[in-house]
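The values are calculated or read from the model by the stated rules, or taken from the named source; none is laboratory data. Worth saying up front: this structure is predicted, and the values here are computed from it rather than measured. Note that we place each Cβ from the backbone using ideal geometry, even for glycine, and neighbour counts take in every protein chain shown. For the accessible areas, the whole protein counts, side chains as well, though only heavy atoms, and no ligand, DNA or RNA atoms are used. Shrake-Rupley method; radii C 1.70, N 1.55, O 1.52, S 1.80 Å.
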Amino acid sequence: MSKAFTRETDTPEDDDVPDGPALPAGGKNYMTQAGHDRLRAELLHLLDVERPRVVEVVHWAASNGDRSENGDYLYGKKRLREIDRRIRFLTKRLDAAVVVDPSQHHGKDQVFFGATVRFAREDGSETTVTILGIDEADTTQGQVSWVSPVAQALLKAREGDEVRLLTPTGWETLEILEVSYPAASA
């Protein structure tokens, strides 16, 4: 069958694939103001800069005639689908966002969202993690999502408490050594 008679769709099979981790049941997406600002900036960049630029290229490529072997047109349409999928994802995440200010817990010793927690493992090693939102956590920076197993084990515990964490190798006991929060900005 000739490509000229095949139908192009704007909804590919992978359209249902999310661009990030799934939200927990209940749909709340806790994040800091900085995380919210980063997602919003990305969304605005896609809407105001990236998408109009790609639309212009696709429009130009479509005006060149035969679209079946027009690389600019085919790539541009694919890129538009990717951009639109990311826009939908970011819009849903921002709609479900609950911005939390971790500094409201400054000076407290109980673990809540936004806490930086230093804990000791059974083997004597120490680890420090900061509990942040799903879309802003970066494990390479010592940040974990509030829905991660380690964060779930730590949440609501206090300095000096021991909590149990289920790991792939079995249960592990963690002792919370220190809990801190950022100071409120002036």
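Can you find a residue in segment 79-97 that is small (Gly, Ala, Ser) and loosely packed, with under 12 Cβ neighbours inside 10 Å? Looking through segment 79-97, none of the residues is small (Gly, Ala, Ser) and loosely packed, with under 12 Cβ neighbours inside 10 Å. Residues in segment 52-97 that are among the basic types (Lys, Arg) and outside any loop (DSSP other than H, G, I, E, B): Arg53, Lys77, Lys78, Arg79, Arg81, Arg85, Arg86, Arg88, Lys92, Arg93. Going residue by residue through segment 177-185, is there one that turns out to be crowded, with 17+ Cβ neighbours inside 10 Å and not aromatic (Phe, Trp, Tyr)? Within segment 177-185, one or more residues are crowded, with 17+ Cβ neighbours inside 10 Å and not aromatic (Phe, Trp, Tyr). Pairs linking a residue in segment 69-85 that is within 10 Å of Val54 (Cβ to Cβ) to a residue that is open to solvent by 40 Å² or more (accessible area, probe 1.4 Å) and at pLDDT 95 or above, with Cβ atoms under 6 Å and 6 or more positions apart or on different chains, are Ile83/Arg51. Checked against (1) among the aliphatic types (A, V, I, L, M); (2) closer than 30 Å to Val147 by Cα; (3) surrounded by fewer than 17 Cβ atoms within 10 Å (Cβ to Cβ), Leu43 passes all but condition (3). If you check Asp109, Asp84 for being acidic (Asp, Glu) and closer than 20 Å to Leu39 by Cβ, only one passes: Asp84. If only residues of segment 151-161 that are without any contact (Cβ under 8 Å) to a residue 24 or more places away in the chain and in a helix (DSSP H, G or I) are counted, the one that is least open to solvent (accessible area, probe 1.4 Å) is Ala151.
Filtering segment 98-129 to residues that are assigned to a strand (DSSP E or B), open to solvent by 30 Å² or more (accessible area, probe 1.4 Å) and within 12 Å of Ser180 (Cβ to Cβ) leaves Gln110, Thr116, Arg118, Thr128. Considering segment 98-156, and only residues there that are of a type in the set (Gly, Ala, Ser) and touching an Asp or Glu at 6+ places or on another chain (Cβ under 8 Å), the residue that is nearest to Pro24 (Cα to Cα) turns out to be Gly114.
In the set (1) outside any helix (DSSP H, G or I); (2) out of contact with any strand residue (DSSP E or B) (no Cβ under 9 Å at 6 or more places or on another chain); (3) not acidic (Asp, Glu), the condition left unmet by Leu44 is number (1). Against the definition (outside any loop (DSSP other than H, G, I, E, B) and open to solvent by 40 Å² or more (accessible area, probe 1.4 Å)), how does Thr140 come out, yes or no? When the stated conditions are applied, Thr140 passes them.
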